Amino acid sequence: MTSIGPIPSVAASGANIPLIGLGTWELRGRTCARVVEQALRLGYRHIDTAEMYDNERDVGDGVRASGVKRNEIFVTTKIWPSHFAPRALERATHDCLMRLRLSEVDLLLLHWPNPQIPLSETLPALCKMKTDGLARNIGVSNFTVALIEEAVQIATEPLVCDQVECHPYLDQSKVIAACRAHGMATVAYSPIARGNAKNDAVLGRIGAAHEKSAAQICLRYLVQQEIVVIPRTSKLERLSENAALFDFALSDEEMAEIAALANPEGRIVDWSYSGSMKWD
Ligand SMILES: NC(=O)c1ccc[n+]([C@@H]2O[C@H](COP(=O)([O-])OP(=O)(O)OC[C@H]3O[C@@H](n4cnc5c(N)ncnc54)[C@H](OP(=O)(O)O)[C@@H]3O)[C@@H](O)[C@H]2O)c1
């Protein structure tokens, strides 16, 4: 397996978020710990987990087994919406840290909006996790433009990102613009469309011209826009592939051709915690 070079970061409201992270949804047990350990040994410096993934212990095991210094690793976790009442959020954050066996995370996110608990209650509690030293940075996930606008008005600490589904098949330009306007990073989840990008003819053709795989073209398309990507793989050999994105560049024409893959049916994760989620 080829070792990867240094991964650039994106600056967002005081945070430096490595442009590539390892997604860990559905990775559990020894497989999860091994992939996290190997990713860090290879040069990944950003790991994405969540209390809902039921793998924070395994992620923590992988972090420790890697031997990489804690202060060189950017660990994100997310609080599930059923824990958005202030006391529940604080308890859930302590539970995440206990499972990870860390004294703080680098980024703590609200996983999905919860329309049943006002943001005016949840955001102060989230900000307190930062001021109490349990999270170095805070942010949101699956927030629409309207929710981003509401959140930044309430928050007394900077929100550093919105983590949203983002890949060439889904037009997320409005959310990306809202993030930029507030100095927030966009973190792309499902950045290779759950693996679907690997069979895409356009991405494959562009990849052949650069001696890269379709998955690499898909990820490069995002990082070239300074969008953070968190691809998941359970296969050690794909860790290097998914991080080898900084030795080539896509032309403006190639970027436009990839952007044209967006379509109204492109969303994969269409789910809401409670009530209906209106994306626009
Ligand atoms: N905030 C949220 O609500 C939210 C929602 C969804 C996901 N996420 C986060 O985002 C991460 C990534 O999203 P995701 O897991 O949904 O999807 P993804 O990263 O787009 O795709 C993962 C799938 O792609 C395959 N794959 C990985 N690298 C590949 C490559 N180079 N070539 C071909 N196939 C490849 C993997 O299979 P193999 O294992 O066989 O390689 C896996 O089936 C998650 O793991 C999670 O951390 C967050």
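So that you can scan it fast, the table gives a plain yes or no per residue for (1) charged (D, E, K, R); (2) away from the ligand (no atom under 15 Å from the Cβ); (3) more than 27 Å from PRO264 (Cβ to Cβ):
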position	(1), (2), (3)
LEU123	no, yes, yes
LYS130	yes, yes, yes
ASN137	no, yes, yes
LEU147	no, no, no
PRO158	no, yes, yes
SER173	no, yes, no
THR186	no, no, no
TYR189	no, no, no
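Tell me the residue from LEU203, LEU261, LEU245, LEU222 that is assigned to a loop (DSSP other than H, G, I, E, B), open to solvent by less than 10 Å² (accessible area, probe 1.4 Å) and more than 10 Å from the ligand (Cβ to nearest atom), please.
Only one candidate passes the filter, namely LEU245.
Of the residues that make up the range 38-61, is at least one touching a strand residue (DSSP E or B) at 6+ places or on another chain (Cβ under 7 Å) and of a type in the set (S, T, N, Q)?
Yes, because at least one residue in the range 38-61 is touching a strand residue (DSSP E or B) at 6+ places or on another chain (Cβ under 7 Å) and of a type in the set (S, T, N, Q).
Where residues in the range 20-45 are assigned to a loop (DSSP other than H, G, I, E, B) and either open to solvent by less than 10 Å² (accessible area, probe 1.4 Å) or within 13 Å of the ligand (Cβ to nearest atom) (or both), which of them is farthest from LEU245 (Cα to Cα)?
ARG28
Given the conditions (1) under 24 Å from THR24 (Cβ atoms); (2) assigned to a loop (DSSP other than H, G, I, E, B); (3) not charged (D, E, K, R), which single one is not true for CYS179?
(2)
Against the definition (more than 30 Å from GLU253 (Cβ to Cβ) and within 11 Å of the ligand (Cβ to nearest atom)), how does GLY195 come out, yes or no?
Against the criterion (more than 30 Å from GLU253 (Cβ to Cβ) and within 11 Å of the ligand (Cβ to nearest atom)), GLY195 does not qualify.
Identify, by number, the condition in (1) under 24 Å from PRO8 (Cα atoms); (2) surrounded by 15 or more Cβ atoms within 10 Å (Cβ to Cβ); (3) within 19 Å of the chain's Cα centre (by Cα) that GLU72 doesn't meet.
With (1) under 24 Å from PRO8 (Cα atoms); (2) surrounded by 15 or more Cβ atoms within 10 Å (Cβ to Cβ); (3) within 19 Å of the chain's Cα centre (by Cα) applied to GLU72, the lone miss is (2).
The values are calculated or read from the model by the stated rules, or taken from the named source; none is laboratory data. The structure displayed is predicted, hence computed values, not measured ones. Note: ideal-geometry Cβ built from the backbone for every residue, glycine included; neighbour counts use all protein chains shown. In case anyone asks, the SASA skips ligands and DNA or RNA and just uses the protein heavy atoms, side chains included. Shrake-Rupley method; radii C 1.70, N 1.55, O 1.52, S 1.80 Å.
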